[in-house]
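The values are calculated or read from the model by the stated rules, or taken from the named source; none is laboratory data. Worth saying up front: this structure is predicted, and the values here are computed from it rather than measured. Cβ coordinates were reconstructed from backbone atoms using ideal geometry, including for glycine residues, and neighbour counts include every protein chain displayed. To get the accessible areas, we keep the full protein, side chains included, count just its heavy atoms, and leave off ligands, DNA and RNA. Shrake-Rupley method; radii C 1.70, N 1.55, O 1.52, S 1.80 Å.
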Amino acid sequence: MLTFANNEEEVANKIVSALVNKRNFEYTEVPAEQTLYFSGLKICPDTREVYHRGKEAGLTFTQFEILHILARKPGRVFMKEILYEMLWDELYSNSADIIMSHISRIRKKIEVDPGNPVYIQTVWSVGYRSNPNLAVKP
């Protein structure tokens, strides 16, 4: 669930995000247990391991969950609030820094240049998505 917005910009961002998340994307959600492949990245849900260019990335439980949520729906934008609520099963309480911090740590582990990420893209003022151009269909 979403919390009440504090200002007009926040309300507008939430509306845009809701519309973006409802848009019909050209992807098919893959089953939760299916191994996911992106160019240079392999995500194994059964073993909860992520390999970047053949090397194990060593993600924490929460980092894996975030990456797995994003990777299962390449191109879909997830608001920080939605990610928070999916991960902790509680209402978002203005804790966007927690999600941003986890995203930053994931990028350090899977990106060649975390300052210019290619796997997890930021959609400014909305949230994050996995790069649909790097998804490899099995």
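In the stretch 113-138, which residue that is surrounded by 12 or more Cβ atoms within 10 Å (Cβ to Cβ) and free of Cβ contacts under 8 Å to residues at least 40 places away in the same chain is farthest from GLY54 (Cα to Cα)?
Filtering the stretch 113-138 for residues that are surrounded by 12 or more Cβ atoms within 10 Å (Cβ to Cβ) and free of Cβ contacts under 8 Å to residues at least 40 places away in the same chain, the one farthest from GLY54 (Cα to Cα) comes out as THR122.
Assuming HIS102 fulfils every condition listed in (1) touching a residue at least 12 places away in the same chain (Cβ under 8 Å); (2) open to solvent by 20 Å² or more (accessible area, probe 1.4 Å); (3) touching a helix residue (DSSP H, G or I) at 6+ places or on another chain (Cβ under 9 Å); (4) closer than 17 Å to PRO132 by Cβ apart from one, which condition is it?
(4)
Would the stretch 102-114 turn up any residue that is touching an Asp or Glu at 6+ places or on another chain (Cβ under 9 Å), of a type outside the set (A, V, I, L, M, F, W, C) and in a loop (DSSP other than H, G, I, E, B)?
Within the stretch 102-114, not a single residue is touching an Asp or Glu at 6+ places or on another chain (Cβ under 9 Å), of a type outside the set (A, V, I, L, M, F, W, C) and in a loop (DSSP other than H, G, I, E, B).
Out of everything in the stretch 108-134 that is of a type in the set (A, V, I, L, M, F, W, C) and in contact with a Ser or Thr (Cβ under 8 Å, 6 or more places away or on another chain), what residue ends up being nearest to GLU81 (Cα to Cα)?
Out of the qualifying residues, it is VAL126.
Considering only residues that are among the acidic types (Asp, Glu) and in a helix (DSSP H, G or I), look in the stretch 67-99 and name the one that is modelled with the lowest pLDDT.
ASP97
Just one of the numbered conditions (1) open to solvent by 30 Å² or more (accessible area, probe 1.4 Å); (2) acidic (Asp, Glu); (3) over 11 Å from the mean Cα position of the chain (by Cα) is not true of GLU65; which one?
(3)
Looking at the stretch 74-96, which of its residues are among the charged types (D, E, K, R) and surrounded by fewer than 13 Cβ atoms within 10 Å (Cβ to Cβ)?
Residues satisfying the conditions are ASP89, GLU90.
It is to be established whether one or more residues within the stretch 105-127 are at positive phi and among the charged types (D, E, K, R).
no
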